[in-house]
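One structure is given below, encoded as structure tokens.
The values are calculated or read from the model by the stated rules, or taken from the named source; none is laboratory data. All values derive from a computational prediction rather than experimental measurement. Cβ: placed from backbone, ideal geometry, glycine included. Neighbour counts: every protein chain shown.
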Amino acid sequence: MNYRIEIIRSAAKALKKIPKADQKRIAEKIDSLSENLPKKETTKMKGNNPFHKIRVGNYRIIYEIHEDVLVILVVKIGHRRDIYRNRP
């Protein structure tokens, strides 16, 4: 079951500010999410919210899964020290 990936504008903008080598690793991880959700690597965020996170080195990808329409919405990408400030 393949998911369609959507990245909100602010997350895409944040990705462009990350070093090129890390951008490539993050892009590959996002692409792999579309093919199958790696349950082992992902973590549901605490609290009563719909977000999941996945670790890529020192960076985190925060996303939301819409099972009904097979969409993964990437809402935030950033360094681990900054990503949890002002959560989506």
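One residue stands out among those in the stretch 55-72 that are in contact with a His (Cβ under 9 Å, 6 or more places away or on another chain) and surrounded by fewer than 19 Cβ atoms within 10 Å (Cβ to Cβ): the one that is farthest from residue 34 (Cα to Cα), which is 58.
Counting the residues of the stretch 19-40 that are exposed (fewer than 10 other Cβ atoms within 10 Å of the Cβ) and over 12 Å from residue 59 (Cβ atoms) gives 3. Of all the numbered requirements in (1) modelled with pLDDT of 95 or more; (2) acidic (Asp, Glu); (3) assigned to a loop (DSSP other than H, G, I, E, B), residue 22 misses one, and that requirement is (3).
Among the residues of the stretch 33-53, those that are within 16 Å of residue 71 (Cβ to Cβ) and either among the aliphatic types (A, V, I, L, M) or within 13 Å of the chain's Cα centre (by Cα) (or both) comprise 33, 34, 37, 42, 50, 51, 52. Within the stretch 74-85, residues that are within 13 Å of residue 45 (Cβ to Cβ) have Cβ atoms under 6 Å from residues that are of a type in the set (Lys, Arg) and crowded, with 17+ Cβ neighbours inside 10 Å in these pairs: 83/60, counting only partners at least 6 apart in sequence or on another chain. Being of a type in the set (A, V, I, L, M, F, W, C), closer than 18 Å to residue 80 by Cβ and modelled with pLDDT of 90 or more is the requirement here; does residue 62 meet it? Taking the combined requirement at face value, the residue satisfies it. Residue pairs whose Cβ atoms lie under 6 Å apart, sitting 6 or more positions apart in sequence or on different chains, and linking a residue in the stretch 44-62 that is under 18 Å from residue 10 (Cβ atoms) to a partner that is surrounded by 12 or more Cβ atoms within 10 Å (Cβ to Cβ) and of a type in the set (Phe, Trp, Tyr), are 45/51; 52/63; 62/51. Mind checking whether some residue in the stretch 3-18 is exposed (fewer than 11 other Cβ atoms within 10 Å of the Cβ) and at pLDDT below 95? Looking through the stretch 3-18, none of the residues is exposed (fewer than 11 other Cβ atoms within 10 Å of the Cβ) and at pLDDT below 95.
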